[in-house]
Amino acid sequence: MEFNKSLKHYNTFNVNYLAHKYIPINSLSELKKLINNLTDKIFILGGGSNILLTKNIKIPCIHIKIKGIKIIKEKLDSIIIEVNSGENWHNFVMWCISNNFGGIENLALIPGKIGGAPIQNIGAYGVELKDVFIKCKGINKITGKIKEFDSDECNFKYRDSIFKNELKNQYIITSIFLKLTKNNHKFNIDYGVLKNKIKSDKLNLKKIANAVIKIRQSKLPDQKKIGNAGSFFKNPIVSKKHFENLSKKFKNIPSYFVNEKLVKIPAAWMIEQIGLKGYKEKDAGIHKNQPLVLVNYGNANGKDILKIAKKVRTKIKEEFKIELETEVTIY
Ligand code: EPU
């Protein structure tokens, strides 16, 4: 355990708050022991890539670093793999590609650790975690009991799961089980920008991952240089009626089909319309290439970034009558 540890390098916004009690955890048995001995509420830190800290953490801060990849079952065409929650997501994607295991190549370069993946059903370029997900294991934060959740129980939706709703803050994900292909990969290159970037003949996993990496690198700020947590807001889903009303005012409003009654609107487009693309105040700002991403140019604190987020939400509400939800957790 360390006291008053700076979390600046443990959150991808690089904001400088302290963990009054910082406890790194390297194995499941250590985690179980800790939970059995703790009575306080705890704060769980994983990759720190989907959180905006706005204050010091006074309750024990448990940093999950449980590593390990295990092959559970292998068939001619498919493989089931268990990955522990402290593994880095992107490194795992690249490991799968080097072994020719298919299914998550579109999710290359998503920041964070494995444990965060099911919580928000990570997704990009037409693929979501749920497409390859079998189950996950989680440990109850109070009882220390381990429970398995299959895909249905996780109730995955767009950037959403049971762990953000009914079971919010109740479980620590310790591992996930994915089913990947070994042959006959189902390549998914239908997403607009990906389709343009890639020739559809002689596809392989590496080609797709490389194209995704190139797109992400060209649009999204490099987390090593500029603090950010990827998309800060979710793309809102509105009724078709609301969308039709907006279309009268905004002739070129883009949208994605959700179902007969609902439409998803890219929040990046709305932020551009309200003139905030590239906006900056102190060291906090809205990225110039991808306005869905809020950034820390150096010395912004969590409150500076939150102020910008509030400005975006207020203006979007005024202009589009839509309440933007954050994808990032605010603490
Ligand atoms: N757009 C603009 N102006 C811009 C940028 C985008 O108007 O400056 C509009 C365009 O109409 C564009 C649309 O927004 O077609 C969508 O942009 P993009 O393809 O970049 O995707 P996104 O909706 O902004 C989502 C995910 C990303 C994911 C990409 C690709 C969410 C909240 N974000 O972004 O996820 O990489 O699609 O699949 O769903 C993340 O979650 O951290 C993340 C990066």
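Give me the percent of accessible area attributable to carbon and sulfur for the chain, probe 1.4 angstrom. Accessible surface attributable to carbon and sulfur in the chain totals 49 percent.
Relative contact order for the chain: 17 percent, from Cα pairs under 8 Å spaced at least 6 residues apart, divided by residue count. Assuming charge only on the beta carbon of Lys and Arg (+1) and of Asp and Glu (-1), the dipole of region 108-262 about its Cα centre is about 560 debye to the nearest 20. Ordered from largest to smallest accessible area (heavy atoms of protein chains, 1.4 Å probe), the residues S6, S200, S175 come out as S200, S6, S175. Ratio of Rg to Rh for the chain: 0.96 [Cα atoms; Kirkwood radius as inverse mean 1/r over pairs]. Within region 1-113, DSSP assigns beta bridges of which about 55% are antiparallel (rounded to the nearest 5).
When the convex hull of its Cα atoms is viewed from all sides, region 213-307 shows a mean projected area of 7.1 nm². Each Lys and Arg contributes +1 and each Asp and Glu -1, all at the Cβ; summed about the Cα centre of region 1-114, the dipole is approximately 480 debye. Taking a quarter of the surface of the Cα convex hull of region 271-331 gives a mean projected area of 4.0 nm².
When the chain is fully extended, how far beyond the present Cα-Cα distance does N169 get from K225, taking 0.36 nm per residue of separation? Each step should come with its number before you reach the end.
On the way: separation 56, 0.36 × 56 = 20.16 nm, distance 3.07 nm.
Contour length minus Cα-Cα distance gives 17.1 nm.
One decimal place: the segment K249-S200 gains 13.8 nm when fully extended, by the rule 0.36 nm per residue minus the C-alpha distance. For the residues K147, K219, K249, a GNM of the chain with alpha-carbon springs under 10 Å puts the largest fluctuation on K249. Computed packing ranks the peptides 126-133, 233-240 as 126-133, 233-240, most packed first, by mean other Cβ atoms within 10 Å.
Which of V212, G144, S247 sits farthest toward the positive end of the charge dipole of the chain, with +1 on the Cβ of Lys and Arg and -1 on the Cβ of Asp and Glu? The one lying farthest along the dipole's positive direction is S247.
The residues of region 223-276 expose, per residue, 57 Å² of accessible area to a 1.4 Å probe. Under a no-solvent Debye model with one identical scatterer per Cα of region 156-269, what's log10 I(q)/I(0) at q = 0.10, 0.13, 0.15, 0.20 Å⁻¹? Calculated log10 I(q)/I(0) at the listed q: -0.51, -0.86, -1.11, -1.27. On a per residue basis, the convex hull of the C-alpha atoms belonging to region 76-214 measures out at 101 Å³. GNM remark for the chain: springs join alpha carbons under 10 Å apart, and the peak mean-square fluctuation among I226, I72, I122 falls on I72.
Per residue, the convex hull spanned by the Cα atoms of region 1-157 amounts to 125 cubic angstrom. Using Cβ point charges alone (K and R +1, D and E -1), the dipole size of the chain about the Cα centre works out to roughly 600 debye.
The values are calculated or read from the model by the stated rules, or taken from the named source; none is laboratory data. Keep in mind the model is a prediction, meaning the values are calculated, not measured. Using ideal geometry, Cβ is built from the backbone for each residue, glycine included, and neighbour counts are taken over all protein chains shown. Protein only, heavy atoms only, side chains kept; ligands, DNA and RNA dropped before computing areas. Shrake-Rupley method; radii C 1.70, N 1.55, O 1.52, S 1.80 Å.
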